[in-house]
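Written out below as structure tokens is the structure these notes cover.
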Amino acid sequence: MFDNLTNRLSRVMKTIRGEARLTEANTQEMLREVRLALLEADVSLPVVREFVARVKEKALGEEVAGSLSPGQALVGVVHEELTALMGGDLGAQASELSLATQPPAIILMAGLQGAGKTTTTGKLAKLINAGDLLQNGRKAGRKKVLVVSADVYRPAAIEQLKTVAAQVGVDFFPSDISQKPRDIALAAIDHAKRHHYDVLLVDTAGRLGIDEAMMAEISMLHEVLKPIETLFVVDAMQGQDAVNVAKAFSEALPLTGVVMTKLDGDARGGAALSVRHITGKPLKFIGVSEKLDGLEAFHPERMAQRVLGMGDIVSLVEQAQRNIDIAEAQKLATKIKSGDRFDLNDFRDQLQQVKKMGDMGSLLEKLPAQFAQAAGQLQGGQAEKQLRRTEGILNSMTPQERAKPELLKASRKRRIAAGSGVPVQEVNKLLKQFEQMQGMMKQFKKGGMGKMMRAMGG
Ligand code: GDP
């Protein structure tokens, strides 16, 4: 996501930051590069024009020219303007969901067919149910969530929501294609009230294009439900079309925000940068994987930082905290520190912890550009793949073999290789790496960090 844009912009920022003096020439050059980078990322033209004009105005202003390090100040301006462009000017809370109402807080999900509405409904339900949603910058705490589908045109859609709800562990209110959407909505509200649900998420029918019947139906649902949030789900891969569809919807329906899906598959990301400016509605969430934990709150400031190659460490840490079992991690850390025998069972536990942190790609992307580039060979799902292979090998061993790797002689290695579908060399490589790791841990026990660094050749 945003790969090219991040690459280009981080290069431009690095150059300008290093300039001792800002001249007309190097400022113009930077603006030209920024403009090209944005256009190439498929940011819509009026948005690019206005953005560049604003940066230019500030670049010539006293704040930058009078600064001790004008290059640095100019990078600051670009960051500020990017943040504003993506909705940062609406305040930190603009990208949050407001659920402060008499329960149930109703969230209406709208969008074209295939945009990712049902998947997003499930992802959002999971986030809210787990208490991970932010309210005024703090975690909202666990909520009781009910989901319902008002899509009476595709029986499969109702089934899909039912499946997703079961996967994320929230309650599903059954509906049927013989019912009217309005009746489904009323019945769901009634049920949610009587059973004290905090939040009701309503998935709706999507069409292939915007049509009057669809608009009339969703407007009617909006009237009946009186949702506190009306989210429009769009597919980032549609680029500028996504933004135009969102605009048409925002004119017909009082949207409170946009969710952009499939950013993991969209290397350009221009739609995410344009949508706020064109529709006037904040982008609240982004879909970054088809898995049900692949939804992230959208923070304009952090995203601007990321796009400029400065990484987003805050989100990285949050993601890790959300997914890691702290007690389990501490047990492992203590074991490593105490120098107790660390065996392949522990190694496997450690891998599982890493895997739980989430999609490798989405973690790597949050590192500053120079680190991400160093990890470059791991990108494009490589890290994920390697992790799965290593796990496969470990899983093909018996617990006893993992506890005593010295048992692993040739015939056992062949069995493990066959069991995990890799060549024997790969099993050997893993064992060798493991031995080195063990060696390092012994050093750690004996001589602490300094000695370990020397052992690593540092
Ligand atoms: P709906 O018709 O709008 O309800 O769309 P669905 O929820 O059925 O999603 C359509 C397809 O997009 C499914 O295959 C989803 O797995 C996929 N999808 C949804 N969101 C994302 C995302 O953020 N990333 C990726 N890679 N796929 C997604």
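Structural remarks
- Pairs, first not assigned by TED's automatic domain parsing to the domain that holds L99 in the range 229-245, second outside any helix (DSSP H, G or I) and more than 12 Å from the ligand (Cβ to nearest atom), C-beta under 8 Å, six or more apart: none
- If you go through the range 281-307 and keep only what is among the small types (G, A, S) and either within 15 Å of the ligand (Cβ to nearest atom) or at pLDDT 90 or above (or both), you end up with G287, S289, G294, A297.
- With respect to (1) away from the ligand (no atom under 16 Å from the Cβ); (2) over 24 Å from the mean Cα position of the chain (by Cα), the lone exception for S175 is condition (1).
- Candidates in the range 123-154 are the residues that are within 11 Å of the ligand (Cβ to nearest atom) and in contact with an Asp or Glu (Cβ under 9 Å, 6 or more places away or on another chain); of these, the one that is nearest to F172 (Cα to Cα) is S149.
- Annotation: of all residues in the range 6-26 being β-branched (V, I, T) and over 23 Å from D42 (Cα atoms), the one that is surrounded by the most Cβ atoms within 10 Å (Cβ to Cβ) is I16.
Matching residues to (1) modelled with pLDDT of 70 or more; (2) in contact with a Pro (Cβ under 7 Å, 6 or more places away or on another chain); (3) surrounded by 17 or more Cβ atoms within 10 Å (Cβ to Cβ):
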{"position": "L363", "(1), (2), (3)": "yes, no, yes"}
{"position": "A369", "(1), (2), (3)": "no, no, yes"}
{"position": "R388", "(1), (2), (3)": "yes, no, no"}
{"position": "P399", "(1), (2), (3)": "yes, no, no"}
{"position": "L408", "(1), (2), (3)": "yes, no, yes"}
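The values are calculated or read from the model by the stated rules, or taken from the named source; none is laboratory data. The structure displayed is predicted, hence computed values, not measured ones. Reconstructed Cβ throughout: ideal geometry from the backbone, glycine too, with neighbour counts over all protein chains shown.
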